[in-house]
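One structure is given below, encoded as structure tokens.
Laboratory data are not the source of any read-out in this text; all were calculated from the coordinates shown. Predicted, not measured: the structure shown is a model, and the values here were computed from it. Cβ atoms come from the backbone with ideal geometry, glycine included; neighbour counts cover every protein chain shown.
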Amino acid sequence: MESKNIDRLNIFLIIISLILAYKIPFELFLFSYAFLGPLHYLTEINWLKERNYFIKKKNWINIFFLFGLIISIPLLLSLPFFDFIYEIEIVKGFLKELNSSSNIILLAALLFSIGLVFLKDIKHTLLFLVLSIFISCLILKYVSFSIVLVSVFLPTIIHVYFFTLLFMLFGAIKSKSTPGYIGVILLTCIPLIVSFGNIHTDQYVLSKSIQDNFFASGFQALNYSLADLLKSNKSEPFYLLSSLGIKIQIFIAFAYTFHYLNWFSKTSIIGWHKGISKTRLGIIAAIWIASISFYLYDYRTGIIVLFFLSFLHVFLEFPLNIVSVKGIAESVFKKGK
């Protein structure tokens, strides 16, 4: 019964998130990312740690910490008080190399998660890591659109929407919950609902501070990439406040907001709060308050300071995503017999 009540709550949260996304798509995204995002990162990382990250050998998770650090260093060094760094030619070249490796790291981390979930032997796991990096290099070099898919969509829309959908489906299958299945169907239909919904562009007026914060976030790259994917006329210019632009932002705002709310709604089911000691809870609260303070001071500074934590939680969640896919596949296979 408790599981079904949570599933009913998630249906309600889907509807509320969508209504708010329609009303204030840019404002909702900025708020959710700054206020709910950091608390989600911190509590999920703690929960994953208590579950041994859903992998066979816990120590291998340090690879993801290294990956997160490599991806984060160039952006962290873009803070104003590191300006002197860019006057050193060797350092500039090093940072350029780190930037160019970020896509390989992202895809390799996802592929390596498969090995972490299924493999126990150290030699096999190490070989799978090398193989993951090699395959990632080949895919990114020879498969068209793979760079955009990995660099733009994997840590954003795929993470907050597609993997959330899989997680909900896995939960519904395990609990055999009708409200759970209804929630999955409703979440699946959201892109269609947004796509065919009526939009009056004159109702969306952004203040200068909202515009500045949105562009400071760097997330406009996601909007433009989605627009390029959806536009029928590729040569036609894209505007954020066009009908297509607003619909894209509605979906993005919805996906991020529900992703965070879905995590907090499942507190009593997955029990992520049970393994938090008073000391750790105090640390999480202090970091969360500090994170919000950075965003309130300057949104771009908040993005930069929290970048490592943000990407780290994406990396650490990959094994759980693989476990969800594995569980769904096993359920479908059993029913097919």
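Summary of values
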| read-out | value |
| --- | --- |
| Condition check for residue 13: hydrophobic (A, V, I, L, M, F, W, C), out of contact with any Leu (no Cβ under 7 Å at 6 or more places or on another chain), within 27 Å of residue 285 (Cα to Cα) and assigned to a helix (DSSP H, G or I) | no |
| Selection from segment 215-246 of residues that are surrounded by 13 or more Cβ atoms within 10 Å (Cβ to Cβ) and in contact with an Asp or Glu (Cβ under 9 Å, 6 or more places away or on another chain) | 216, 238 |
| Filtered residues of segment 51-70 (kept if surrounded by fewer than 18 Cβ atoms within 10 Å (Cβ to Cβ) and not aliphatic (A, V, I, L, M)) | 51, 52, 56, 57, 58, 59, 62, 65 |
| Test: residue 138 is out of contact with any strand residue (DSSP E or B) (no Cβ under 6 Å at 6 or more places or on another chain) and within 23 Å of residue 13 (Cβ to Cβ) | no |
| Within segment 307-322, tally of residues that are under 17 Å from residue 77 (Cβ atoms) and buried (at least 23 other Cβ atoms within 10 Å of the Cβ) | 1 |
| Failed item, numbered, when residue 115 is tested on (1) small (Gly, Ala, Ser); (2) closer than 23 Å to residue 59 by Cβ; (3) surrounded by fewer than 16 Cβ atoms within 10 Å (Cβ to Cβ) | (3) |
| Looking only at segment 25-36, and only at residues there that are touching a residue at least 40 places away in the same chain (Cβ under 8 Å) and hydrophobic (A, V, I, L, M, F, W, C), the one that is surrounded by the fewest Cβ atoms within 10 Å (Cβ to Cβ) | 35 |
| Residue in segment 71-84 that is nearest to the chain's Cα centre (by Cα), counting only those that are of a type in the set (A, V, I, L, M, F, W, C) and surrounded by 15 or more Cβ atoms within 10 Å (Cβ to Cβ) | 71 |
| Check on residue 39, crowded, with 18+ Cβ neighbours inside 10 Å and either in contact (Cβ under 8 Å) with a residue 40 or more places away in the chain or assigned to a loop (DSSP other than H, G, I, E, B) (or both) | yes |
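Yes or no, residue by residue, for (1) within 15 Å of residue 6 (Cα to Cα); (2) not in a loop (DSSP other than H, G, I, E, B):
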residue	(1), (2)
151	no, yes
156	no, yes
171	yes, yes
184	yes, yes
195	no, yes
205	no, no
